[in-house]
Amino acid sequence: MTSVTPPRTAAEECARAALAEHGSERGPLLPVLHAVQEKLGCIPRDVIPVIADGLNLSIAEVHGVVTFYKDFRSTPPGRTTVRICRAEACQARGANALVEHAKRQLGVEFGETTPDGAVTLDEVFCLGNCALGPAVQVGERLHGRVTPPRFDALLGEPR
């Protein structure tokens, strides 16, 4: 009786390529996960067993790292990612009110993507723009002194 190996998905192939590139490094899990996410935009659940097997780790260990670090996501992000700084300097300049406004306007919580797939809302705890808080990163662009009206204007661009 011959066993048939199911075809590998593109995500599995990506994980295997990341393992081949980073698997022999010291502490390879984070570099492998970053490589997969860079290529796929997220770390799909079906690659976690592949990575675990390739690094001789348990599935729980890999899953724990993926879910612990906020930089890793298990679903693809929206077309634009919006990050709002929640560090003390930005909070002192109105970030909490901006956060509530952003959640209301987008209809999502941190880590979620709008139903149309346009925007993913994330929180960060420093964007290095402390003197110009509250700071917001829209895509790759950093913005300072963001008020609720300015937030709405900034989001008019990616949507």
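Can you pull the one-decimal nm distance between simple spin-label points at residue 110 and residue 74, each 7 Å off the Cα toward Cβ?
That separation, rounded to one decimal, is 1.9 nm.
About the Cα centre, and with charges only on the beta carbon of Lys, Arg (+1) and Asp, Glu (-1), how big is the dipole of the range 10-68? Nearest 20 debye, please. Don't skip to the end; give the middle numbers.
Details: 4 positive and 8 negative charges, 19 e Å.
Dipole about the Cα centre, nearest 20: 100 debye.
Any idea what the dipole of the range 109-159 comes to, in debye rounded to 20, about its Cα centre with Lys/Arg Cβ at +1 and Asp/Glu Cβ at -1?
Values: 4 positive and 8 negative charges, 65 e Å.
Computed about the Cα centre, the dipole is about 320 debye.
As a test question: what accessible area, to the nearest 10 Å², does residue 122 have when a 1.4 Å probe is rolled over all protein chains in place?
20 Å²
Could you work out which residue, out of 48, 59, 84, moves most in a Gaussian network model of the chain, that is, has the largest mean-square fluctuation with Cα springs under 10 Å?
Of the options given, 59 has the highest mean-square fluctuation.
At a Förster radius of 22 Å, what calculated FRET efficiency corresponds to the Cβ-Cβ distance of residue 45 and residue 25, to the nearest 0.05?
On the way: r = 24 Å, r/R0 = 1.09.
Between residue 45 and residue 25 the formula returns 0.35.
I'd like to check one number: the per residue accessible area of the chain, probe 1.4 Å, reported in Å² as a whole number.
For the chain, the solvent-accessible area averages 59 Å² per residue.
At q = 0.12, 0.27, 0.28 Å⁻¹, what is the base-10 log of I(q)/I(0) for the range 80-156 according to the Debye formula with one equal point scatterer per Cα and no solvent? Please give it to two decimals.
Here log10 of I(q) over I(0) equals -0.26, -1.39, -1.49.
Which value, in Å² and to the nearest 10, is the accessible area of residue 88 when all protein chains are kept and the probe is 1.4 Å?
Roll a 1.4 Å probe over it and residue 88 shows about 140 Å².
At a 1.4 Å probe radius, which order do 93, 86 fall into by accessible area, largest first? Working shown, then result.
Values: 93 120, 86 50 Å².
Sorted by accessible area, descending: 93, 86.
Spin-label point model (7 Å from Cα, Cβ direction): what's the residue 67 to residue 147 distance in nm?
With each label point 7 Å from Cα toward Cβ, the separation is 4.2 nm.
Would you mind working out the magnitude of the charge dipole of the chain relative to its Cα centre, with +1 at each Lys and Arg C-beta and -1 at each Asp and Glu C-beta, to the nearest 20 Debye?
Working: 17 positive and 19 negative charges, 92 e Å.
Dipole magnitude for the chain comes out near 440 debye.
Round to the nearest 10 and report in Å² the accessible area of residue 70, as given by a 1.4 Å probe over the protein chains' heavy atoms.
Result for residue 70: roughly 140 Å² accessible.
Would you be so kind as to identify which of 98, 33, 66 lies farthest towards the positive end of the dipole of the chain, taking Lys and Arg as +1 and Asp and Glu as -1 on Cβ and the Cα centre as origin?
The one lying farthest along the dipole's positive direction is 98.
What are the radius of gyration and Dmax of the chain, computed over its Cα atoms and given in Å?
Reported Rg and Dmax, both Å: 18.8, 70.
Residue farthest toward the positive end of the dipole of the chain, with Cβ of Lys/Arg at +1 and Asp/Glu at -1: which of 11, 127, 147?
147
Quick check: with the 1.4 Å probe, what order do 45, 8 take by accessible area, largest first?
Values: 45 185, 8 130 Å².
Sorted descending by solvent-accessible area, the residues read 45, 8.
Ignoring any ligand, DNA or RNA, what whole percent of the accessible area of the chain comes from carbon and sulfur when the probe is 1.4 angstrom?
About 52 percent, which is the carbon plus sulfur part of the accessible surface.
The values are calculated or read from the model by the stated rules, or taken from the named source; none is laboratory data. Bear in mind the structure is a predicted one, so any value in this text is a computation, not a measurement. Cβ: placed from backbone, ideal geometry, glycine included. Neighbour counts: every protein chain shown. Accessible surface areas use protein heavy atoms only, side chains included; no ligands, DNA or RNA. Shrake-Rupley method; radii C 1.70, N 1.55, O 1.52, S 1.80 Å.
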